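Notes follow the structure.
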Amino acid sequence: MFYELILKNSKRSRKENGLFFSSLIISIVAFYIILSISNQDVMIFLKKMESDAVDKLFMLVPVFYVMTLGILFFLIYFACKYQLERRRHEFGIYLMLGMKRSRLFTLLLAEDLAGSIFALLIGLPVAVLLSEIISLVTAKTVGMGIIGHRFSVSLSGVIFTVAGFLLIKLPAFLILSAKISRQEIGALLADSTQNSNKSLSVAVYILAASAGLILLAAAYILAIGGLAWKNDKMMFFTMLSGLTGTILLFYGMRIFIEMLIKTGKSNKKLRIFNFRQIQENVVRQSASMAISSILILAALCCFGAGIGIAGKNTAVRTNNLDYTFCVSGNVLLDKKSDANEKLKYMDKILEENNLDEYFSALLPLRTGHIRTTDEFENVFIMDSVMTALEKMPQSTDRDVLLNNLSYADYPYLISLSDYNGLLEAAGKPAITLHADEAAVFRSTEAADSVRNEILNEILLTHPRTQLDGSTLYLTGEVQTGEIVTDMAITFDFALILPDEQFMYYTQGEYDIYLNAVLNEDLRNSKALMNVYMDINSKLDALNLKEMSLEYESYLQNMGRQLFYSVAASFITSYLAVIFLVVANTVMGVQFLMNQRKTGRRYKTLVHLGAEYETLCRSARKQINWFIGLPVAVAAAGSIFGVKALFSGILTMSAKANQGEMLIISAAMILFLIVVEYIYMTVIKRSSDKYLLTLMEPQREE
């Protein structure tokens with residue numbers, strides 16, 4: 001009989017507290033996914049490419065795990081308290097019927113344990129399945145769908161998920177069960193009453209709301225302007241300003257609701273009652289509503305910024321080069337050996353080890369500095385370009401371009417014939433230059449399309465410049481792209497010169513790289529990543545350090561980008577889920593708890609003739625306001641929050657793509673707002689079920 005009661009009560013509790021139970025399952029899923037991140041296909045792949053960075057990421061996982069345990073403990077404690085408070089009368093009846101307090105304590109713990117086990121039985125299979133889906137989708141998104149996927153279950157992830165969940169669930173319920181079982185029968189049978197709050201003067205609420213708005217504005221200005229990122233003190237002040245401003249804004253929000261009551265029409269059913277309920281809840285729960293709004297803001301910013309960065313970084317690169325080789329030392333070469341000897345040396349190593357069979361083309365690239373002078377400043381003068389830029393309409397892009405070009409007085413030089421070889425391999429037309437002409441080259445990572453278009457307008461005029469005292473005309477359009485596979489080698493501004501002029505200005509002292517393009521059949525292979533890995537393993541087996549031969553592959557560069565993409569998407573999404581679960585569960589439980597505490601008001605409305613549909617509409621409107629206010633404040637703040645995150649964490653080259661990232665972030669924020677609507681719908685259904693119980697005739701004892 002006792003065990004049947006445990007199972008019956010546990011089942012009823014899950015049914016009546018669907019929002020809380022669903023939040024527990026979501027938490028279990030989030031726990032497992034973050035703990036099993038090392039089993040993800042992309043992470044296994046990145047471990048080989050960027051082992052140090054991935055190891056550091058794995059070291060952060062326990063930190064997020066422990067932090068989440070602390071956050072969820074307070075959530076579970078709060079939600080379980082509501083769950084037990086609503087059953088006070090039931091517990092009092094148990095004691096009146098002769099149940100011992102120790103037996104009641106055991107009953108409550110057993111019910112919670114049964115519910116926890118049931119949540120784990122649902123959450124763990126869902127987590128494993130979702131983890132596999134995420135692994136496949138992530139691999140496909142970043143262009144790794146061809147990697148063989150193997151189904152795997154992280155045993156450590158399962159163990160730590162179960163341990164962590166029970167570690168926070170059971171102690172919270174243990175404390176609450178002990179408190180309930182110790183209370184007197186009369187206290188348990190008595191109806192809980194709503195505590196009243198003392199009203200302050202209107203001036204206090206106006207002052208609080210005004211101060212809140214000022215502090216919020218100050219926090220966003222500091223964050224977006226980049227001042228918050230300068231040092232720890234400024235960051236602390238910015239966060240304190242935002243937190244205090246949000247709390248004050250919600251505290252003073254009562255005055256806005258009072259204005260709505262006075263200005264609106266009063267002939268609608270229960271309109272005044274609805275706003276009085278909302279006003280009372282806002283005053284009583286202003287602090288928790290503010291914290292919930294901040295958590296939702298954090299979730300929107302984390303998810304929006306993280307997915308925005310990941311979405312931009314996972315864009316497919318259009319680089320046609322697969323490998324770049326270079327000689328790092330002077331093996332078999334004297335100190336001033338000709339660069340052609342280095343080229344022959346690289347060809348020899350590839351040929352002797354049958355590695356040249358993998359490539360359809362081997363393309364040399366010569367780059368160097370100006371060696372006709374010992375000066376390093378004002379060797380290249382382009383006053384005509386700078387003057388033309390200054391005459392253009394003022395804009396941020398123009399100003400950035402002016403600043404960048406002011407440092408281009410000692411540019412890199414690139415050989416024309418070598419660059420045309422790269423264009424031919426990419427299927428692009430070659431460029432032609434006269435002896436007194438040069439083309440401008442800018443790496444993709446160092447410039448954006450808008451600034452290149454500005455520069456192209458000037459290049460149409462064939463501007464006259466000077467290179468070490470000789471006249472040189474800039475012509476054509478800005479050349480962009482990647483001239484080697486190593487993304488660390490980028491030129492903000494370089495000059496492409498005809499071969500004769502290149503040899504003259506470099507005086508025969510230049511760096512030479514050997515770019516390699518895979519055979520067409522290998523490039524189109526479904527196992528392309530395996531091809532890269534196979535070549536890499538053969539190159540590594542040659543002990544290239546002794547040969548002073550270095551190589552860089554497209555795979556390794558992609559690995560770096562994938563690491564930032566995956567790290568951004570996984571960590572920020574995980575935090576966003578946790579913040580959303582906590583914020584929405586707290587708000588939902590609070591509203592339902594307040595609704596039950598004010599149950600007598602709804603009963604009075606029923607006695608006065610209010611219909612069930614009328615009560616439901618009234619409660620639903622209250623939910624819209626009670627949850628909508630924190631969400632609306634968070635959504636408005638996320639517009640500035642994501643921008644502030646970008647201003648602090650993006651590199652200068654990444655900020656060039658900030659507009660596209662903001663568009664992706666906006667889409668993610670809209671998606672989360674839809675999730676908020678779903679949460680509100682769940683709370684409304686729980687409210688409807690409770691109001692239905694009030695429609696049944698009850699005897700007053």
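Values as computed for the structure displayed
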{"quantity": "Among 612-625, 665-678, the order from most to least packed when residues are scored by Cβ within 10 Å on average", "calculated": "612-625, 665-678"}
{"quantity": "Asn624 paired with Glu457, simple spin-label distance in nm, labels 7 Å along Cα-to-beta-carbon", "calculated": "4.9"}
{"quantity": "Additional length obtainable on full extension of the chain from Lys538 to Glu424, 0.36 nm per residue less Cα span", "calculated": "38.2 nm"}
{"quantity": "Ser449-Arg103 pseudo-label distance in nm [points 7 Å out on the Cα-to-Cβ vector]", "calculated": "7.6"}
{"quantity": "Cβ-Cβ FRET estimate between Thr614 and Ile71, R0 fixed at 41 Å, reported to 0.05", "calculated": "0.60"}
{"quantity": "Pairs beyond 23 Å (Cα-Cα), from Lys81/Lys597; Lys8/Lys169; Lys342/Lys428", "calculated": "Lys342/Lys428"}
{"quantity": "At R0 = 45 Å, FRET efficiency that the Cβ-Cβ distance of Ala178 and Ile122 yields, to 0.05", "calculated": "0.95"}
{"quantity": "Burial ranking of peptide ranges 105-115, 83-93 (average Cβ count within 10 Å, highest at the top)", "calculated": "105-115, 83-93"}
{"quantity": "R0 of 60 Å, Cβ-Cβ distance Tyr504-Leu213: FRET efficiency to nearest 0.05", "calculated": "0.40"}
{"quantity": "Ordering of 418-429, 571-582, 362-373 by packing [mean C-beta count within 10 Å, highest first]", "calculated": "571-582, 362-373, 418-429"}
{"quantity": "Label point 7 Å beyond Cα of Asn378 along Cβ direction - residues of region 406-420 with amide nitrogen under 11 Å", "calculated": "none"}
{"quantity": "Estimated inter-spin distance, Tyr407 and Thr244, nm [label 7 Å along Cα→Cβ]", "calculated": "3.8"}
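Quick note: the coordinates plus some simple rules give every number you see, no bench work behind them. Quick caveat: nothing in here was measured; it's all calculated off a predicted structure. In this analysis, Cβ positions are derived from the backbone assuming ideal geometry, glycine residues included, and neighbour counts consider all displayed protein chains.
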